[in-house]
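The values are calculated or read from the model by the stated rules, or taken from the named source; none is laboratory data. Nothing here was measured: the structure is a model prediction, and the numbers come from that model. FYI the Cβ positions are ideal-geometry reconstructions off the backbone, even for glycines, and counts take in every protein chain you see. Just the protein is used for accessible areas: all its heavy atoms, side chains included, with ligands, DNA and RNA removed. Shrake-Rupley method; radii C 1.70, N 1.55, O 1.52, S 1.80 Å.
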Amino acid sequence: MIKILGKIPREVTVACSGGVDSMAVLDFLRKGKKKITVAHFNHGTVYAREAEDVVLSYCRRHHIPTIIGRLSKERPPKTSVEEFWRNERYEFFSGLKGPIVTAHHLGDVIEWWIFTALHGNPRLIPYRRDDVDVIRPFLTTNKKCFYRWANKSNVPYVEDPSNDDDSYMRNHIRNNMMKMAMKVNPGLAKTMIKKVEKEYACIKEA
């Protein structure tokens, strides 16, 4: 079941990559009678054209306004690809009308917790990012729920082949370290849900 934290406003911008997470969120909110604008950022990769086509096709079929951003800068020296792409996305979001809903989910919460813990400061993904008016209402939703929603509702999505590339730190954590963490603590997902709900209790009850 797709779970939400707090109340999602009636009028939102949905950050949609074309992957299963954001496409399921887009369909979920559309069926929830939200007034939606879609924001899609094209990273200029080989996969990016297919992802953009999937997003545009869905939005045209359902008459959803769409704003496309494109990577136009060179990556600065000593900046990782992941950090560069993230910074460029949020710069794009900063020029849009909020609130901007992202599809960050429980798996992202656990990955970020592991990553930050290994750097000495374990943290949760913030529910809100005020400088660009971003909210993340799906932090307690398991990614499997997005797959179930998309497959049951025939929602199109693309699988980014770069997700299998362990040279990206996030992929290495997801594809390798997550499995070991779950083996050490099979109840890790439930533990993180409790942490999120406790941390954002005021949002959940709003």
(message) The conditions are (1) open to solvent by less than 60 Å² (accessible area, probe 1.4 Å); (2) modelled with pLDDT under 95; (3) basic (K, R), and R129 fails exactly one of them. Which is it?
(response) (1)
(request) Mind listing just one residue for me: the one in the stretch 46-62 that is modelled with pLDDT under 95 and touching a Pro at 6+ places or on another chain (Cβ under 9 Å) and, of those, nearest to S17 (Cα to Cα)? (result) Y47
(request) Please find, among I125, I64, the residue that is touching a strand residue (DSSP E or B) at 6+ places or on another chain (Cβ under 8 Å) and either over 17 Å from A15 (Cβ atoms) or not in a helix (DSSP H, G or I) (or both). (result) I64
(request) Tell me, yes or no, whether the stretch 109-121 has at least one residue that is at pLDDT 95 or above, assigned to a helix (DSSP H, G or I) and surrounded by 15 or more Cβ atoms within 10 Å (Cβ to Cβ). (result) yes
(request) For residues that are open to solvent by 60 Å² or more (accessible area, probe 1.4 Å) and outside any helix (DSSP H, G or I), tally how many sit in the stretch 134-160. (result) 4
(request) Return the total of residues in the stretch 21-38 being open to solvent by less than 10 Å² (accessible area, probe 1.4 Å) and touching a Lys or Arg at 6+ places or on another chain (Cβ under 9 Å). (result) 1
